[in-house]
Amino acid sequence: MTTPLFHDFPELSHFSREDLEDLLNDHVYFQAVFHSLPRVKAMYESQAELGMANESIARHNLALQEPLYNLRAETKQAFDDAKNLEARWREVDKEQREVYQRFNAQFLLMRLKHSKTEQDDASEALASDFVQQSPTSGGSGTPNGGMGREIDEFVKEYKNMRKTYHKRVIWEDRWSTGLVNWRDD
């Protein structure tokens, strides 16, 4: 009859009953027998192999430690540089939008309307100043008492101002009827 003990531990089957009792009663003897069992030896060998493998992995990891710290520092520096560049990009983008705002179609139309109004006001002010000028006396023999040259200069300047004004009116009219198209590229 085989007992469950011998079934699980066939190495003990050659021990006598007294040897088995001594095994239970003597701790040193138990340890000696226990450590001589092939399964226990295999377990200790496996444990030793795993320990050596762990030591090898630990040495390898320690060898990688310094390059990893350097890589971490480089990565942090690159990240900080990227954040600084991102902040600078936001500033440049804001500046660019402000510059482009001045060339926006609506802004340009507004500038055209304002310059048209200013040109009209300037030409009317020139005409008003000329009309309110007192004629100079002294018979120079020219009509209007010597103002011939002044009249010619006034007419030339007034004509140029009105020509500029009417060009701006034409451009505004074309723009409002959709004949002017602005590209955004």
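The values are calculated or read from the model by the stated rules, or taken from the named source; none is laboratory data. This is a predicted model, so every value here is computed, not measured. Note that we place each Cβ from the backbone using ideal geometry, even for glycine, and neighbour counts take in every protein chain shown.
Data overview
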item: From 184, 121, residue being modelled with pLDDT of 95 or more and closer than 30 Å to residue 101 by Cβ; result: 121
item: Residue 28 vs. criteria under 30 Å from residue 13 (Cα atoms), surrounded by 10 or more Cβ atoms within 10 Å (Cβ to Cβ) and in the same structural domain as residue 16 (by TED's automatic domain parsing); result: no
item: Only listed residue being among the hydrophobic types (A, V, I, L, M, F, W, C), more than 30 Å from residue 12 (Cβ to Cβ) and surrounded by 10 or more Cβ atoms within 10 Å (Cβ to Cβ), chosen from 68, 50; result: 68
item: Residue that is over 25 Å from the mean Cα position of the chain (by Cα) and not small (Gly, Ala, Ser), where the choices are 97, 90, 39; result: 39
item: Residue list for the stretch 151-170, filter: more than 15 Å from residue 118 (Cα to Cα) and under 50 Å from the mean Cα position of the chain (by Cα); result: 170
item: Cβ-Cβ under 7 Å pairs, at least 6 apart or on other chains, the stretch 107-129 side closer than 13 Å to residue 160 by Cα and in contact (Cβ under 8 Å) with a residue 40 or more places away in the chain, far side crowded, with 16+ Cβ neighbours inside 10 Å and of a type in the set (A, V, I, L, M); result: 119/161; 123/161
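Table: residues versus (1) exposed (fewer than 11 other Cβ atoms within 10 Å of the Cβ); (2) among the aromatic types (Phe, Trp, Tyr); (3) in the same structural domain as residue 164 (by TED's automatic domain parsing); (4) in a helix (DSSP H, G or I).
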residue: 14; (1), (2), (3), (4): yes, no, no, no
residue: 19; (1), (2), (3), (4): no, no, no, yes
residue: 33; (1), (2), (3), (4): no, no, no, yes
residue: 57; (1), (2), (3), (4): yes, no, no, yes
residue: 60; (1), (2), (3), (4): yes, no, no, yes
residue: 63; (1), (2), (3), (4): yes, no, no, yes
residue: 74; (1), (2), (3), (4): yes, no, no, yes
residue: 87; (1), (2), (3), (4): yes, no, no, yes
